[in-house]
């Protein structure tokens with residue numbers, strides 16, 4: 001999310017001077033894919049600990065919790081990136 005916003009801010013002047021606004025959307029797309037990669041990694045880590053319990057305190061239970069937390073946090077970041085891309089689509093970065 002910060003990578004998307006920081007990179008878009010840094011390249012906005014170049015995009016305005018050359019009219020290559022697609023660069024801003026490419027940066028957003030790359031950040032979105034990076035967030036979805038977090039979902040994939042967390043989902044793969046969930047596989048070995050499928051039988052974890054919410055109430056338990058064993059290492060398997062903690063791994064199960066962390067895998068689900070990784071999935072939810074990555075999805076939240078992906079949703080935030082999509083929400084922050086709306087102004088890039090609707091508004092002109094050159095104003």
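Quick notes
- Subset of the range 66-95 [free of Cβ contacts under 8 Å to residues at least 40 places away in the same chain and over 20 Å from the mean Cα position of the chain (by Cα)]: 90, 91, 92, 95
- Residue within the range 38-61 that is closer than 28 Å to residue 87 by Cβ, touching a residue at least 12 places away in the same chain (Cβ under 8 Å) and under 21 Å from the mean Cα position of the chain (by Cα) present: yes
- With respect to being in contact with a helix residue (DSSP H, G or I) (Cβ under 6 Å, 6 or more places away or on another chain), assigned to a helix (DSSP H, G or I) and within 14 Å of residue 3 (Cβ to Cβ), residue 85 fits the description.
- The set of residues in the range 52-67 that are assigned to a helix (DSSP H, G or I) and in contact with a helix residue (DSSP H, G or I) (Cβ under 7 Å, 6 or more places away or on another chain) comprises 60, 63, 64, 67.
- The numbered conditions (1) surrounded by fewer than 17 Cβ atoms within 10 Å (Cβ to Cβ); (2) in contact with a helix residue (DSSP H, G or I) (Cβ under 8 Å, 6 or more places away or on another chain); (3) at pLDDT below 85 are all true for residue 49 except (1).
- Restricting the range 10-46 to residues that are outside any helix (DSSP H, G or I) and either at pLDDT 90 or above or at negative phi (or both), the residue that is surrounded by the most Cβ atoms within 10 Å (Cβ to Cβ): 21
The values are calculated or read from the model by the stated rules, or taken from the named source; none is laboratory data. Bear in mind that the values here come from a model prediction, so they are computed numbers and not experimental data. Because the Cβ atoms are built from the backbone with ideal geometry, glycine has one as well, and the counts that use them run over all protein chains shown.
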